[in-house]
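Values quoted throughout were computed directly from the atomic coordinates according to the rules given, and no laboratory measurement underlies them. Computed from a predicted structure; not experimentally measured. Here Cβ is always computed from backbone atoms with ideal geometry, including for glycine, and neighbour counts include all displayed protein chains.
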Amino acid sequence: MRTAILLSVLLAARASAAPDPAALVRSALPPGFAPVAFDAPAPVRIPFPVLIRTQQQADTQTVALGPLLDRHLAATDSFVGAGGRTMVAGTLDLDGEGYLAVTPPGGATRFVKIERGMSGSWSDGVHGYRVSLSVSIFRPRLANFIVIKDANTGATVWEKRISELFRLTYRAGEPVNLAGRPYRLFFSARPDLGLCFIYDDVSEGGHDYKFYLVPVSQIRGAAPASYKMYGGDAVRLQASSDLSMLFITR
């Protein structure tokens, strides 16, 4: 009996003398430092450009579409020719087919489908230009080169891989957030009237762009339409009747 009582007293004393784990953490920190509290993380705030009136309230975003209409056609890349600066961009139709879009100074935009044997020509008012696709069986499809040459001199004035063209075009899109993921939004009237959301998947260490195309006719109504995005994320989209605003809801 006496042995049992003595053992109980020793155990109680050892328990009372056990070090506080938090105290051990504090003792290991330099003077003046305190342990980081993980139970109250700072909220994540997603920045939006000042020029585009974009709001985020609860799970809904409102994006002004007007300033985005075909904006990427004049905000991606360019070259200077005999008659001035020609704008160059990549774009898609609603079937997912890729096009080179070239806008000569003071002229209308030309769309040339990116495919084997692609060809197109235009003038900047002084010189003529032609485009072709340089293809090699030793290169992946998106690593082939789009080449623009001065038709008068034969000199190459612009050359980019297909992948590089669309990487530059991606940067011209409007940043939006869908279900917690960053996308770039494009609003095009040509070649088709629609929206394009692009997600840059870097999970494999590179840039793998995922395109999500939405015809305006599907979302221009009284009720939002639901879509599955990257990773199966569900979002609802609705455009105002005058196509001035887009509402994005989780």
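What FRET efficiency comes out for LEU243 versus ALA75 if R0 is 22 angstrom and r is the Cβ-Cβ distance? Round to the nearest 0.05. It comes to 0.65. For a modelled paramagnetic label at SER119, 7 Å from Cα along Cα-to-Cβ, the residues of the range 129-172 in reach, with backbone nitrogen under 13 Å, are 130-133. When both the range 60-81 and the range 139-218 are represented by their alpha-carbon centers, they are found 12 Å apart.
Between ASP200 and ALA82, the simple spin-label model (points 7 angstrom out along Cα→Cβ) gives 3.8 nm.
Straight-line cross-link partners of LYS210 among the lysines, defined as a Cα under 26 Å from its Cα and at least 8 positions apart when in the same chain: LYS113, LYS160, LYS228. Across the range 76-161, Cα-Cα distances exceeding 21 Å account for 26% of all pairs.
Could you calculate the contour length gain from ARG181 to ASP95, that is, 0.36 nm times the residue separation minus the distance between their Cα atoms, to one decimal place in nm?
Values: separation 86, 0.36 × 86 = 30.96 nm, distance 2.40 nm.
Stretched out fully, the ARG181 to ASP95 stretch lengthens by 28.6 nm.
Peptides 116-125, 139-148 ordered by packing proxy, namely the average of other Cβ atoms within 10 Å per residue, highest first: 139-148, 116-125.
Suppose the chain between TYR209 and HIS127 were pulled fully straight at 0.36 nm per residue; how much longer would it get relative to their current alpha carbon spacing?
On the way: separation 82, 0.36 × 82 = 29.52 nm, distance 3.52 nm.
Result: 26.0 nm gained on full extension.
Could you line up GLU115, GLU164 from fewest to most neighbouring Cβ atoms inside 10 Å? Mind dumping the intermediate values first?
On the way: GLU115 13, GLU164 16.
The fewest-first ordering by Cβ neighbours comes to GLU115, GLU164.
Label point of ASP233 set 7 angstrom out along Cα-Cβ; within the range 170-185, amide nitrogens under 13 Å from it belong to 175-185. Straight-line cross-link reach from LYS149 at under 15 Å between alpha-carbon atoms covers these aspartates and glutamates, not counting any fewer than eight positions away in the same chain: ASP124, GLU159.
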